């Protein structure tokens, strides 16, 4: 039997996951609208299932929640790429991890927590991007102004 609270939780998880996914899609990231929506919805569904199983077996709730975190960590690890220029995809991996927690909050019935978290995520992803670009330019510009480390100071003292 489908319970109205569960339907609301699933719809909210779909909406909140899509909201974050839309921001990622518009930013041209690989984990976009569909990926974030599905992760959020899946985490909500697993959480609802674990709540229902808890009626039969009290330990099920925490076991399933732990497995959601582990499984999503695996997905996030797949989003991280390391090459000669550095590490890429960390924000995508973190977003995947966070979207799953929002889905879990929806599934657990913590709708206000899920909605507030989504708002914070959007502010961080969209708002801080405007700060990150000038900051990256500043760091690149001042990269040549190297601060001497202890070894350099020691060698300078000997001369």
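Look at residue 117 and say whether it is in a helix (DSSP H, G or I), buried (at least 17 other Cβ atoms within 10 Å of the Cβ) and within 14 Å of the chain's Cα centre (by Cα).
Details: in a helix (DSSP H, G or I): yes; buried (at least 17 other Cβ atoms within 10 Å of the Cβ): yes; within 14 Å of the chain's Cα centre (by Cα): yes.
Spelling it out, residue 117 is indeed in a helix (DSSP H, G or I), buried (at least 17 other Cβ atoms within 10 Å of the Cβ) and within 14 Å of the chain's Cα centre (by Cα).
For residue 109, state whether it is out of contact with any helix residue (DSSP H, G or I) (no Cβ under 6 Å at 6 or more places or on another chain), under 15 Å from residue 43 (Cβ atoms), surrounded by 12 or more Cβ atoms within 10 Å (Cβ to Cβ) and in contact (Cβ under 8 Å) with a residue 60 or more places away in the chain.
On the way: out of contact with any helix residue (DSSP H, G or I) (no Cβ under 6 Å at 6 or more places or on another chain): yes; under 15 Å from residue 43 (Cβ atoms): yes; surrounded by 12 or more Cβ atoms within 10 Å (Cβ to Cβ): yes; in contact (Cβ under 8 Å) with a residue 60 or more places away in the chain: yes.
Judged against the criteria, residue 109 is a match.
Take residue 94 and decide whether it is assigned to a helix (DSSP H, G or I) and at pLDDT 85 or above. Here the answer is yes, as residue 94 does meet what is asked.
Yes/no per residue for (1) modelled with pLDDT of 95 or more; (2) farther than 21 Å from residue 127 by Cβ:
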| residue | (1), (2) |
| --- | --- |
| 1 | no, yes |
| 19 | yes, no |
| 24 | no, no |
| 44 | yes, yes |
| 64 | no, yes |
| 68 | no, yes |
| 89 | no, no |
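How many residues are in a loop (DSSP other than H, G, I, E, B), modelled with pLDDT of 75 or more and more than 18 Å from residue 85 (Cβ to Cβ) if we restrict to segment 131-150? Number of matching residues: 1.
Rundown of residues vs (1) surrounded by fewer than 18 Cβ atoms within 10 Å (Cβ to Cβ); (2) part of a helix (DSSP H, G or I); (3) under 13 Å from the mean Cα position of the chain (by Cα), yes/no style:
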site: 42; (1), (2), (3): no, yes, no
site: 52; (1), (2), (3): yes, yes, no
site: 74; (1), (2), (3): yes, yes, yes
site: 87; (1), (2), (3): yes, no, no
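The values are calculated or read from the model by the stated rules, or taken from the named source; none is laboratory data. None of these values were measured; they are calculated from a predicted model. Please note: Cβ atoms are built from the backbone with ideal geometry, for glycine as well, and neighbour counts cover all protein chains shown.
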